[in-house]
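Encoded as structure tokens, the structure appears first; notes follow it.
Each reported figure results from applying straightforward, stated rules to the coordinates on display, with no laboratory input. Values in this document were obtained by computation on a predicted structure and should not be read as measured data. Ideal geometry is used to build each Cβ from the backbone, glycine not excepted, and the neighbour counts take in all protein chains shown.
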Amino acid sequence: MKFLNKLAAALILLAGFPISAAYAALTIEIVGSGANQIPISVVPFAGENALPPGITAVVAADLQRSGLFKIVDPAGVKPEPHDPAEVNYPDWRARGADALAIGSVLPRPDGKLEVRFHLLDAVKQVQLDAYSYVIDRTLARATAHKIADQIYEKLTGDVGVFSTRIAYIVKSGLRYELQVADADGYGAQTVLASKEPIISPSWSPDGTKLAYVSFERKKPIIYVQSLVSGQRQVLAQFKGNNSAPAWSPDGKQLAIVLTKDGSSQIYLINADGSGVKRLGYSSGIDTEPSFSPDGAAIIFTSDRGGSPQIYRMTVSGSGVQRLTFEGNYNVSPRFSPDGKSFTFVQRVNGSSFHVALQDLASGQMQVLTDTRMDEAPSFAPNGKMLLYATEIGGRGVLAAISSDGRVKQRLSTQAGDVREPEWGPLLK
Amino acid sequence: MKKVLFSALLVSLLAACAGQDVKDQPKAAVEDRTATQAGADAKSAGQQSVTANPLKDPSNILSKRSVYYDLDKSDVKAEYKPMVDAHSKYLTSHKDAKVAVQGNTDERGSREYNIALGNRRADSVKNMMNAYGVSNSQIETVSFGEEKPRATCQEESCWKENRRSDIVYQGE
């Protein structure tokens, strides 16, 4: 943070910056940026051509997408430094870079590659960080994301989320696909394809499974599917509807919504589908449960007061308390990763839907987005960004916004509607 | 190409696993056998003797299956009561008949909240049937929420078509 404080504050609005998407299902466009941008130069690593698509292009794109960095073009500095001893700091200060990432990719006798990386403070002229990774050739992107995470964490003080993944649904014609992709939209894989709707994907806390709701048997049924083996099992198929799965932080249970006893109510069920237990009792609709990070509380949508609002209760179903009071349609709550706030969707003026953020201690609420048909917000695991679904030109797209509302991104596919995103957990 | 192959492989894997649900709960009575499309009625009507089945006879009120709702509402309006009562009468006199009442909503708002709202709409039809004397064992209410719109334009003319419950008989 000290490093950041020393930097001059600069508000630089980036023009659209579409990232090349030859192999991507999702293209990301940045439509805003942070107030404090750290100027950093990412110098092409020696030998990185051996590792397509290279390392530094991916690192720079990650940092730029976060909105917190200004990428300083390294072109023209001769010779290009790849080791701290080769750095002539005045070159970089003259270009306005406060930080410098350099490195090299070295072939090893066993066929693997060694990626060496140094992060330098160009103002103090000291090394801030250095790492070495021994990798297979196929792991170029993953390694680049790790390096971007190291830079982000060192320079902003927050955990980087460039190595995480996202899940979402693509609808193309009559086909629905549950897909998982890297947080930058690359490497999309189809987890499930169906002719019937799929909604509400939910990541297990360890990132190895997805729970979701599928209509393949003509009604909503909850499945849990392993991303490792591809195998899946029914979690809940009781009479009526089975929907809105949310994992407990320890991964042992899920909160789900069933109608087997009447109206939509929240239940707990073990992750293997055993031991279903009713949690709440209301005469109205209770749905969209979300666990607090400590597992002690659940926030949810209920219309027990006459309109859908956000409520909180303990994980045993007691101490129900209403949290939202502004407006007559507040839905889809999610706890922030630090448990201090929650995001939700608010209907404004009866017709537009926006992502909002509310502080739990003060009750203070802030509408974050200016998009109009927002749905299903979820936090990045560092709490700094929110991923949500919206509509642009009548088509479903994903969008992301920083929790301070400044940085905005749009993610879209070449064809089809994208919806129901959920940002996955940090992988240990 | 790899991705396509991977997907295809995964889908066939899934198909293979689909039959092996770990839970062995009894299947809900009408599951898997309900009509999938609103158009199914009309299609099968052509294949059967119309007079043999009052549920398919266009001149019989039993061929009417849909209840429509106002925005955010789930109460069954008076105009639909004769139709729902006719189905109740049929069900009380045909104890082996079973129906799914499928609730739907328009596309606006939360998908999960809309599942719940669609269910409440289906429940309102079920409650009316229960009041008439139809046994719960003959009715399953399910909700498609906003997921299976009959009309797809993004304006009220379509939205009102989609705020709907459908009565679907087992086997249709």
Between helix A:140-156 and chain A: long-axis angle, C-alpha atoms, 0 to 90°, nearest 10: 90 degrees
Folded to 0 to 90 degrees: helix A:56-65 orientation relative to chain A principal axis, Cα: 50 degrees
Determine the percent antiparallel among the DSSP beta bridges restricted to the protein assembly as shown, to the nearest 5. 90 percent
Spin-label pair A:S229/A:S307, simplified geometry with 7 Å Cα→Cβ offset, distance in nm: 4.8 nm
Zone reached by a paramagnetic label modelled 7 Å from A:T208 Cα along Cα→Cβ, restricted to segment A:249-280 with backbone N below 19 Å, covers A:249-254, A:270-274
Whole-number percent relative contact order across chain A, with pairs defined as alpha carbons under 8 Å at least 6 apart: 12 percent
Counting other beta carbons within 10 Å of each Cβ, put B:E156, B:E140, A:E114, A:E48 in order, fewest first. B:E156, A:E114, A:E48, B:E140
What number do you get for the protein assembly as shown when its Cα radius of gyration is normalised by 2.2 N^0.38 Å, N = residues? 1.07
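Filter A:K195/B:K160; A:K218/B:K56; A:K195/A:K218; B:K73/B:K98 down to the pairs with a C-alpha to C-alpha distance above 18 Å, please. Each step should come with its number before you reach the end.
Numbers: A:K195/B:K160 25 Å; A:K218/B:K56 22 Å; A:K195/A:K218 11 Å; B:K73/B:K98 26 Å.
Over 18 Å Cα-Cα: A:K195/B:K160; A:K218/B:K56; B:K73/B:K98.
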In a Gaussian network model of chain A with springs linking alpha carbons closer than 10 Å, the residue among A:A57, A:A389, A:A211 that fluctuates most is A:A57
Fewest to most Cβ atoms within 10 Å: B:E107, B:E79, B:E146, A:E326 sort as B:E79, A:E326, B:E107, B:E146
What distance in nm separates the simple spin-label points at A:R278 and B:A97, each placed 7 Å from Cα in the Cβ direction? 3.1 nm
Net dipole in debye of chain A [+1 Lys, Arg Cβ; -1 Asp, Glu Cβ; about Cα centre; nearest 20]: 800 debye
For peptide B:138-148, what's the mean number of Cβ atoms from other chains within 10 Å of each residue's Cβ? 5
To the nearest 0.05, the calculated FRET efficiency linking A:S316 and A:N88 through their beta-carbon distance, R0 being 51 Å, is 0.20
Ranked from fewest to most other Cβ atoms within 10 Å of their own Cβ, A:V77, B:V142 fall in the order A:V77, B:V142
With a Förster distance of 25 angstrom and the Cβ-Cβ distance between A:N349 and A:R395, calculated FRET efficiency to the nearest 0.05 equals 0.65
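How many partner chain Cβ atoms sit within 10 Å of a residue's Cβ in peptide A:229-237, on average, as a whole number? Intermediate values should be presented prior to the final figure.
Working: counts 2, 7, 5, 7, 6, 6, 3, 2, 6.
For this peptide, the per-residue mean of nearby foreign Cβ atoms is 5.
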With θ set to phi - 60° and the Karplus curve 6.51 cos²θ - 1.76 cosθ + 1.60, what are the ³J(HN,Hα) couplings of segment A:173-189 in order, to the nearest whole Hz, using x for Gly and Pro? x, 9, 10, 10, 10, 8, 10, 10, 9, 4, 4, 8, x, 7, x, 4, 10
Starting from 0.36 nm per residue, how many nanometres of slack lie between A:K124 and A:N49 once their C-alpha separation is accounted for? 23.9 nm
Taking the Cβ-Cβ separation of A:Q366 and A:D294 as r and a Förster radius of 25 Å, what is the calculated FRET efficiency to the nearest 0.05? 0.55
